[in-house]
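Below: the structure, in structure tokens.
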Amino acid sequence: MIKGELDRSGEPVALVARTGLDLDRFGIRYTHAGISLRDSPELPWAVRQLYFACDEGRPRLFDQGIPGFVFGTDDPALGYVSMLLLPEAVAAPLARVVLDKSRALALLAPTYSANAHAFSLLYQNCNQWVAEMLA
């Protein structure tokens, strides 16, 4: 259903967010975001995102298909997904930056924390990486 909506949109790039852990007690519904590219080199509409490789102790970029991304929720019965289609004026430059692995990797902080916030100088999380890609 989600991939079909993205296909029908005719747009090349979408921001995609989903629920993860249940953070309702903090008033937070969406906990994880990524940038989905129609023309991803991995597969159509793969979601490029930041994740923390626990065994390596460092953040990495990961391209994940829509089904895997969506099912990363803590409770599938309560899962939410949001898609924001971007206008061409924003989508084209963003796609170039996202596909430039060296540039995208340069925006990864050396330390990761799921609790990082936008003004943290010590830690980064997946959603901050998306915001930095947009900037």
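Residue under question is Arg25, and the condition is that it be charged (D, E, K, R) and either part of a helix (DSSP H, G or I) or modelled with pLDDT under 80 (or both); does it hold?
Numbers: charged (D, E, K, R): yes; either part of a helix (DSSP H, G or I) or modelled with pLDDT under 80 (or both): yes.
In short, yes.
Do we find that Arg25 is open to solvent by 40 Å² or more (accessible area, probe 1.4 Å) and among the basic types (Lys, Arg) in this structure? Quick ask: steps written out before the conclusion?
On the way: open to solvent by 40 Å² or more (accessible area, probe 1.4 Å): yes; among the basic types (Lys, Arg): yes.
Criteria met by Arg25.
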Checklist entry - In segment 28-76, what count of residues is obtained for those that are farther than 19 Å from Arg8 by Cα, surrounded by 16 or more Cβ atoms within 10 Å (Cβ to Cβ) and touching a strand residue (DSSP E or B) at 6+ places or on another chain (Cβ under 7 Å)? => result 16
Item to check | Only one of Leu50, Leu6, Leu15, Leu43 that is outside any loop (DSSP other than H, G, I, E, B) and farther than 15 Å from Val130 by Cβ | outcome: Leu6
Checklist outcome for this item: In segment 44-58, anything at pLDDT 90 or above and either small (Gly, Ala, Ser) or out of contact with any helix residue (DSSP H, G or I) (no Cβ under 9 Å at 6 or more places or on another chain) (or both) is listed as Ala46
Next on the checklist: I'd like to verify a number: residues in segment 77-135 that are in a loop (DSSP other than H, G, I, E, B) and open to solvent by less than 90 Å² (accessible area, probe 1.4 Å), how many?
Outcome noted: 14
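The values are calculated or read from the model by the stated rules, or taken from the named source; none is laboratory data. Remember, predicted model here, so these are calculated numbers, not experimental data. Note that we place each Cβ from the backbone using ideal geometry, even for glycine, and neighbour counts take in every protein chain shown. Surface accessibility is based on the protein's heavy atoms, side chains included, excluding ligands, DNA and RNA. Shrake-Rupley method; radii C 1.70, N 1.55, O 1.52, S 1.80 Å.
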